[in-house]
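This report concerns only the one structure given below.
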Amino acid sequence: MEVTRTARCSIAEVAIGQRVDKLFHYAVPSRLAASLHPGHRVVVPFGKGRRVGFVVGLVRETGVPVLKEIESAPDEQAVVSEDLLDLARWVADYYAAPLGLVLKTILPPGFSDPEKAFAKEKQEIRVALAPNAPAARRRLTAKQEAVLALLQDFGGEMPLTALRAAGASAAAAAALEKKGLVAFRKGEAARLAHPDTGERDTAIVLSEAQRRAVAEIGGAVRGGTFAPFLLHGVTGSGKTEVYLRLIQEIVREGGGALVLVPEIALTPQLIGRFVRRLGDAVAVLHSGLTDAERRDQWKRLRSGEARVAVGVRSAVFAPVDRLKLIVVDEEHDPSYRQDEGVRYHARDTAVMRAKRAGIPVVLGTATPSLETFHNAREGRYRPLDLPERAGGAVFPTVRIVDLRGAKSGNRFLSPDLLSAVEERLARSEQSLLFLNRRGWASFLLCRECGATLSCDHCSVTLTVHKGDKSARCHYCGHARPLPEVCPACGGTRMAPLGVGTEQIEEELKARFPSARVARMDRDTMGGRGAYIDLVRDLHEGKVDILVGTQMVTKGHHFPRVSLVGVVLAETSLMVPDFRATERTFHLLMQVAGRAGRGEVPGEAIVQTFVPGHPILAFVQEHDFAGFAETELSARREVRYPPFVRLVRVLITGTDEVRVSAAAARGAAAMREAGGKEIEVLGPAPAPLARLKGKFRWHVLLKGKEPGRLKDLARRGSLAIQRVPGASSLSVLIDVDPVGLM
Ligand code: ADP
Ligand code: ZN
């Protein structure tokens, strides 16, 4: 039998790390013929050296003579399982990306690097609370306290990698060892003691709606069929509790599950909650891990030791064994879209993975994306509602405050908002102020000539940062000292305009000198450590007022926050993107939902210069359905998703004339070949017309069938590549783009 097979398939198609854009053919030596499968890693001669590659297919013929042979295949088990290879193929095809690049994206870093690829990972180091720890715990740093708290949460012992994955400091753990409070040991992963899950199960009695959701999804899990669910419930309605119940059951039966959350929502609190319920069955995947840690988590899943992957976007490719359920929490979140390399959408890829695996997928959210909502309404997704907040908490009342009349003081802190903050201070409750702009002011304007300070490399204004007296580009990172005089006219009246979190923090400190004000944004949260410290301070009531960007909107449960202030509702409305309204609605609902999750009823104050904007009324009424109706009919009218599909072709380069000429050429070719069903819009300069020194033009394709749009985009891309000087341009095909900047 084997001989026949060898005769049929003696040539391997191999994707090679450094050349991810194409596949190479190698002869399979007869000694490997029986054991080599798609998904195996192989060492192959390449140029003058050797490379590690992945077998993606075995074929009989290539039409050209294949000269070189595979040298070896060192792994017993294929690195990429059959189902993941199949998913990778779908991703490569759907998102118009080379399969090699997709495989590189799927695998942990270093897997295709010849040096690291076969290196033996060191033995696991574990950290445990010392059994006879001295009672004296004085003089511990916050980071050391955090390590102890985490160990407690994890049942007293955990791998060092997991400790670090949860954001704690290894140095702090080492310091604790010196104090005799924790002990390190090397060894094979001694299993964590599984926390007694039964006790916690009885602690929470599921609501009727939760029970129904668990029953329906659980039925689909046991039935082993593809079934997409939309679990629609406001923040705090108990969605996570539903996931946990389902997954506990799955793990008990020996199955596996995959849970995706947005990066920003994958907080130590959430990780702790999964680990308390599921113990060592959990592997966590996020961008804060070192490469070695990521490989370790990945291997634990691949070997079946860990059964549940909880992770961010790229975890949609986690090698979960016997996968029975996929959960995509906060499915509407734009961060599920990867916007470099392979531009895939993790939610859509998750649905596709579930479909191919024949298992249910749950899309959970308080504010479904219009695509998902539309799918549910059309009967493609099964809707499950959790209409109430768990434990009887109610959605906060929302007050809209018109900023146009403000005369005195800071224009961005209305008397309404200030007095509401003051009330909270008097009652020792917390306030959370949200503004989706960091820095001190949005731009610097010369009052004499009207020039604004803009980036040398991008078509955007520079943001004023007072802390380090710099003007910074939030797109490319370019920074320069704040100028004393206008670089255009030499005028001395440079005025900062617009508002950022830094300014709000400063104002609040000035208004409420005795209040403890903290800021959470990308400028203050250097590492996960700083973030964990701040979250803990909030929990312990050591912060009275938190000012922050989007970072504050997700993943936290701060029971003492009874006031949420939205400093400026329209920051995200003014973005030139057809999803701007939807994005703003999601954001406002999410941030309002942060108020009043505990005993105290909450209030949200939304400040704006456009109080008549229709979405504010929907937010005020918590009326998702009303919002969706209105927005969907607007989208239908102008033919935008979810009623059509989009593919965007983006052409960039340093020579503007060349870029625009190429875009015109591409658009013409696509128009010619497109036919009636496909609309070709453009070419036009992208809203962000210049980024990092590159000019940007785009062409937008609209139509019903993504496959045809993509084929057309490929054709346009080829036409562009034939334009003289095309080698200096780059052409990007973006399928189902999120954001058209
Ligand atoms: P969501 O994921 O929808 O934000 P969670 O599952 O995190 O909601 O639930 C919010 C809070 O309510 C959590 O502290 C959770 O433990 C608690 N909770 C969830 N379900 C119930 C319930 N049926 N009864 C009481 N408390 C619950
Ligand atoms: Zn820039």
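No lab work stands behind these numbers, since they all come straight from the coordinates. Quantities reported herein were computed from a predicted structural model and do not represent experimental measurements. Neighbour counts are summed over all protein chains in view; Cβ atoms, including those assigned to glycine, are modelled from backbone coordinates with ideal geometry.
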**OP:** Taking every Cα atom in the stretch 330-392, find the radius of gyration and the maximum pairwise distance Dmax, and write them in Å.
**Re:** 13.4, 45
Subject >> Size of the stretch 628-727 as Cα extents on the principal axes (Å, biggest first) >> reply: 46, 29, 16
Original post:
Given H placed 1.01 Å from N in the peptide plane, which residues other than close sequence neighbours of residue 547 have an amide H under 5 Å from its amide H?
Top reply: 433, 518, 519, 520
Subject >> From the C-alpha gyration tensor of the chain, square roots of 5λ in Å >> reply: 42, 36, 27
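Please list the equivalent ellipsoid semi-axes of the stretch 530-612, computed as the square roots of five times the alpha-carbon gyration tensor eigenvalues, in descending order and whole angstrom. Could the numbers behind the result be given before it?
On the way: eigenvalues 128, 41, 23 Å².
Taking √(5λ) for each Cα gyration eigenvalue gives 25, 14, 11 Å.
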Original post:
Applying 1/(1 + (r/R0)^6) with R0 = 60 Å to the Cβ-Cβ distance of residue 71 and residue 623, what FRET efficiency is obtained, to the nearest 0.05?
Top reply: 0.40
**OP:** Please report, to one decimal in angstroms, the Kirkwood hydrodynamic radius of the stretch 259-388 built from all distinct Cα-Cα pairs.
**Re:** 15.4
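If you take the C-alpha gyration tensor of the stretch 581-667, multiply each eigenvalue by 5 and take the square root, what semi-axes do you get, largest first, in whole Å? Please report the intermediate quantities before stating the final value.
Details: eigenvalues 307, 62, 29 Å².
Equivalent ellipsoid of the stretch 581-667: 39, 18, 12 Å, largest first.
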Original post:
Pulled fully out, how much extra length does the chain show between residue 457 and residue 540, if you take 0.36 nm times their separation in residues and subtract their Cα-Cα distance?
Top reply: 25.5 nm
**OP:** Quickly rank 628-641, 352-365 as a protection proxy: mean count of other C-beta atoms within 10 Å, highest first.
**Re:** 352-365, 628-641
Subject >> Where only C-alpha atoms are counted, convex hull volume of the stretch 326-483 per residue in Å³ >> reply: 232
Original post:
For the stretch 231-301, what percent of Cα pairs sit more than 22 Å apart?
Top reply: 24
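Ranked highest first by average number of other Cβ atoms within 10 Å, how do 605-612, 67-74 line up?
Numbers: 605-612: 18.0, 67-74: 14.8.
Descending packing order for the listed peptides: 605-612, 67-74.
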**OP:** Take the stretch 536-582, compute every pairwise Cα distance, and split them into 10 Å bins from 0; I just need the percent in each bin.
**Re:** 20, 45, 22, 12, 0
Original post:
Tell me, what HN-Hα J-couplings in whole Hz come from the Karplus equation 6.51 cos²θ - 1.76 cosθ + 1.60 at θ = phi - 60° for each residue of the stretch 205-214, using x for Gly and Pro?
Top reply: 9, 5, 6, 4, 5, 5, 4, 4, 4, 4
**OP:** Could you give log10 I(q)/I(0) at q = 0.11 Å⁻¹ for the stretch 445-542, computed by the Debye formula over C-alpha point scatterers of equal weight, without solvent?
**Re:** -0.45
**OP:** Mind ranking 537-543, 35-41 by how tightly packed they are, going by the mean number of other C-beta atoms within 10 angstrom, highest first?
**Re:** 35-41, 537-543
